[in-house]
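To start, the structure under review is shown below, and the notes come after it.
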Amino acid sequence: MENLIEKTIGEIVAEDYRAAAVFESYGIDFCCNGNRSIDVACEEKNINQDELMDKLNSAITRVHAGGNDYKLWPIDLLADYIEKKHHRYVEEKMPVIKQYLNKISSVHGKNHPELLEIESLFNASAGELAMHMKKEELMLFPFVRKMVNSQSEDIKAHPPHFGTVNNPVQAMMHEHDTEGERFRQISELSNQYTPPADACNTYKVAFSLLKEFEDDLHLHIHLENNILFPKAVALEKKLTA
């Protein structure tokens with residue numbers, strides 16, 4: 001990967017997802033705030049830019065086998081993958097995590113009142129994500145598949161009822177920002193998902209599940225914000241030119 005300094009963080013991760021681990025290690029958000037440059041992110045976080053660049057270059061030039069280069073995938077395949085992998089993951093894990101958080105809030109909430117706030121934030125996120133995913137599955141993703149079919153069959157795509165694909169894309173990205181901020185609060189309240197000394201096993205499992213959920217959400221948002229959405233907008237422009 002060339003000219004890292006000229007690319008946004010989202011573009012860097014879109015080209016090579018191994019860069020994500022480096023940005024995460026420095027607390028740099030590559031999904032919701034992926035439109036920043038490296039120098040801006042380093043200035044905001046007071047990070048040594050040369051050190052970060054060295055680690056990025058090391059990560060992306062390392063021999064890597066078996067990884068997924070999502071940027072090369074057709075966008076209808078990427079939409080299918082997001083729906084079947086990430087949407088299903090969210091649907092499966094949300095009730096489990098809600099149950100654990102409810103239990104540890106009841107037992108440990110008196111000594112750890114932050115658990116009540118974490119539970120409230122997660123429950124709000126669960127409700128919003130459920131609606132968010134349905135909008136993608138019923139509105140945005142079907143139109144993405146329709147555009148791909150129009151391109152392959154060389155026929156004109158009928159305009160969607162929402163006007164242009166950029167309208168739901170902007171709405172989805174705004175909702176991504178909201179959930180990203182919610183999980184930043186959860187991470188801070190949980191001391192980056194570090195259980196306290198008096199935590200029981202249920203407490204520890206709940207925090208592990210929350211961390212796993214956030215990691216999956218980051219990849220989920222990255223695939224949409226930095227790869228699927230820009231490609232969908234570009235394809236629509238090509239089809240309507």
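The values are calculated or read from the model by the stated rules, or taken from the named source; none is laboratory data. Because the structure is predicted, anything quoted here is derived from the model rather than measured. Glycine also receives a Cβ, built like all others from the backbone with ideal geometry; neighbour counts cover every protein chain displayed. Surface accessibility is based on the protein's heavy atoms, side chains included, excluding ligands, DNA and RNA. Shrake-Rupley method; radii C 1.70, N 1.55, O 1.52, S 1.80 Å.
For the reader, a short list of remarks on this structure follows.
- Flag if E179 is open to solvent by less than 20 Å² (accessible area, probe 1.4 Å) and charged (D, E, K, R): yes
- Scope the range 150-170; condition out of contact with any helix residue (DSSP H, G or I) (no Cβ under 8 Å at 6 or more places or on another chain) and assigned to a helix (DSSP H, G or I); matching residues: S152, E153, N167, Q170
- None of A157, A241 is buried (at least 16 other Cβ atoms within 10 Å of the Cβ) and at pLDDT below 95 except A157.
- In the range 111-125, residue farthest from M94 (Cα to Cα) [restricted to those that are open to solvent by 10 Å² or more (accessible area, probe 1.4 Å) and part of a helix (DSSP H, G or I)]: E114
- Residue selected from the range 25-51 under the condition within 14 Å of the chain's Cα centre (by Cα) and either among the β-branched types (V, I, T) or surrounded by 14 or more Cβ atoms within 10 Å (Cβ to Cβ) (or both), by the criterion farthest from H176 (Cα to Cα): I28
- When the criteria are applied in full, D198 fails the requirement of being over 17 Å from H87 (Cβ atoms) and under 10 Å from the mean Cα position of the chain (by Cα).
- Breaking point among (1) open to solvent by less than 30 Å² (accessible area, probe 1.4 Å); (2) on the phi > 0 side of the Ramachandran plot, for N191: (1)
- A171 vs. criteria small (G, A, S), out of contact with any Cys (no Cβ under 7 Å at 6 or more places or on another chain), within 26 Å of E11 (Cβ to Cβ) and open to solvent by less than 20 Å² (accessible area, probe 1.4 Å): no
- Residue-level analysis places A197 among those that are open to solvent by 80 Å² or more (accessible area, probe 1.4 Å) and either on the phi < 0 side of the Ramachandran plot or assigned to a helix (DSSP H, G or I) (or both).
- Test: residue in the range 129-149 that is open to solvent by less than 20 Å² (accessible area, probe 1.4 Å) and charged (D, E, K, R): yes
- First in the range 119-144 and within 16 Å of L77 (Cα to Cα), second anywhere and buried (at least 21 other Cβ atoms within 10 Å of the Cβ) and small (G, A, S), Cβ under 7 Å, 6 or more apart: F141/A79; V144/A79; V144/A232
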